[in-house]
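Below is one structure, written out as structure tokens, with a few remarks after it.
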Amino acid sequence: MKVDRHDLKGTCIRLLELLAQAHASDKAAEKEKKRGSTVGCTGCLLTFAAFPVLGLMLDADGSAIPGIVLVVLGLGAAGWGWRHYSTYDAFDLDDHKLGAVRRCLELLQVDMRPEGEVTAVVDFRKADTDPFLQHKETVGSSPFGDVMAYQYRQPWLELQGRLLDGTGYSLEIVRLLKSKVKPKKKGRRKVKSLIQDRISVQLRTQSAHYPDVSPLIDSLPAQLPAQLRIRSLQAQGDRVQACFETPVATRLEYRSTSEQNVEHLGSADSLVGALVFLYRGLKQVKAGAVGQP
């Protein structure tokens with residue numbers, strides 16, 4: 001499975017089998033990338049070491065063939081390593097995203113019929129790339145160039161299916177990323193990014209199991225799912241639409257990379273936690289309707 005957007009459809013068991021294969025392929029790709037990196041770096045070191053040897057041989061009026069051979073071997077190893085790394089980098093999936101979709105399906109299949117189909121869309125591409133760019137502008141200048149601001153929006157996980165009680169669900173995680181890029185000397189860049197995930201849950205209940213869901217807002221538990229806050233919530237008739245937000249994570253890239261709060265971004269636990277939170281409210285709505293004369 002390549003680093004791209006993938007549309008999957010099938011039972012939870014079938015999709016988990018496909019994702020298990022993707023996990024194995026991902027680990028193999030990581031191993032091959034490491035191999036390519038090692039060979040490439042060794043080739044570069046060999047090339048740099050060969051030039052002084054070549055110079056000494058020429059100064060001593062000796063044969064330059066050994067030095068030339070070392071240069072050729074070094075360049076060949078560096079080129080092979082770079083190509084090998086690039087080839088397998090296309091199969092190195094985002095571990096967080098792959099783990100999230102696998103965990104979601106494992107949790108959802110407990111409350112789904114074995115033959116029930118799930119439509120899954122997972123996008124393994126990085127959020128801060130051109131396909132997801134929403135806006136960019138120049139926000140300042142520095143001695144080394146313009147300071148740029150970028151905004152990205154990436155829907156990276158979507159799940160649709162039907163639970164045992166007949167309720168249809170549509171779950172989505174959208175990544176919002178804002179970055180500020182400041183050029184530095186020697187071609188370096190300082191990049192500060194703010195990252196947040198929005199989790200959307202849409203439910204369509206069955207009248208045989210649930211009454212009008214309009215009272216849902218007043219029936220929800222006081223305790224929100226961990227690390228989430230409600231952005232919007234609508235409930236009417238047989239439909240529920242809710243949007244939750246994660247805390248904002250930060251990432252700073254300059255000489256090294258530092259991150260904060262990335263563990264609180266969208267995950268299987270937060271997605272399913274939002275679904276369970278709404279279901280607890282539906283349970284109270286149903287109990288209240290049963291108790292009415």
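The values are calculated or read from the model by the stated rules, or taken from the named source; none is laboratory data. Since the model is a prediction, treat every value here as computed from it, not as a measurement. Note that we place each Cβ from the backbone using ideal geometry, even for glycine, and neighbour counts take in every protein chain shown.
Assorted remarks:
- Glu245 vs. criteria without any contact (Cβ under 8 Å) to a residue 12 or more places away in the chain and under 22 Å from Gly99 (Cα atoms): no
- Within the stretch 197-217, not a single residue is in a strand (DSSP E or B), surrounded by 14 or more Cβ atoms within 10 Å (Cβ to Cβ) and in contact with a Pro (Cβ under 8 Å, 6 or more places away or on another chain).
- Residue check, Tyr152 over 16 Å from the mean Cα position of the chain (by Cα), surrounded by 15 or more Cβ atoms within 10 Å (Cβ to Cβ) and in the same structural domain as Arg255 (by TED's automatic domain parsing): no
- Considering the stretch 220-249, the residues that are polar (S, T, N, Q) and at pLDDT 90 or above include one that is farthest from the chain's Cα centre (by Cα), namely Gln236.
- Count of residues meeting criterion [more than 27 Å from Lys184 (Cβ to Cβ) and among the aliphatic types (A, V, I, L, M)] in the stretch 119-164: 7
- In the condition set (1) part of a strand (DSSP E or B); (2) charged (D, E, K, R); (3) closer than 28 Å to Ala268 by Cα, Arg125 is compliant with all but (1).
- Condition met for Gln223 (of a type outside the set (Phe, Trp, Tyr) and either over 17 Å from Val174 (Cβ atoms) or outside the structural domain of Leu159 (by TED's automatic domain parsing) (or both)): yes
- Residues in the stretch 111-136 that are of a type in the set (A, V, I, L, M) and under 14 Å from Arg5 (Cβ atoms): Ala120, Val121, Val122, Ala127.
- Restricting the stretch 128-156 to residues that are among the charged types (D, E, K, R) and part of a strand (DSSP E or B), the residue that is farthest from Asp95 (Cα to Cα): Asp146
- For the stretch 275-293, the set of residues classified as at pLDDT below 90 and among the hydrophobic types (A, V, I, L, M, F, W, C) consists of Val285, Ala287, Ala289, Val290, listed by residue number.
- Qualifying residue in the stretch 178-192 (condition: in contact (Cβ under 8 Å) with a residue 40 or more places away in the chain and in contact with a helix residue (DSSP H, G or I) (Cβ under 8 Å, 6 or more places away or on another chain)): no
- The residue pairs whose first member lies in the stretch 207-220 and is charged (D, E, K, R), whose second member is in a helix (DSSP H, G or I) and surrounded by 15 or more Cβ atoms within 10 Å (Cβ to Cβ), and whose beta carbons are closer than 7 Å, counting only pairs six or more residues apart or on different chains, do not exist in this structure.
- The one condition from (1) small (Gly, Ala, Ser); (2) in contact with a helix residue (DSSP H, G or I) (Cβ under 8 Å, 6 or more places away or on another chain); (3) under 16 Å from Thr205 (Cα atoms) that Ala287 does not meet is (2).
- Failed criterion for Pro247 (all others in (1) touching a Lys or Arg at 6+ places or on another chain (Cβ under 6 Å); (2) in a loop (DSSP other than H, G, I, E, B) hold): (1)
- Among the conditions (1) surrounded by fewer than 14 Cβ atoms within 10 Å (Cβ to Cβ); (2) hydrophobic (A, V, I, L, M, F, W, C); (3) closer than 29 Å to Gly273 by Cα, Val121 misses just one, which is (1).
- Within the stretch 152-164, residues that are more than 19 Å from Ile195 (Cα to Cα) and touching a residue at least 12 places away in the same chain (Cβ under 8 Å) have Cβ atoms under 6 Å from residues that are among the hydroxyl-bearing types (Ser, Thr, Tyr) and surrounded by fewer than 16 Cβ atoms within 10 Å (Cβ to Cβ) in these pairs: Gln160/Thr119; Gln160/Ser170, counting only partners at least 6 apart in sequence or on another chain.
- Residue within the stretch 83-101 that is out of contact with any Leu (no Cβ under 9 Å at 6 or more places or on another chain), closer than 29 Å to Gly36 by Cα, surrounded by fewer than 18 Cβ atoms within 10 Å (Cβ to Cβ) and aliphatic (A, V, I, L, M) present: yes
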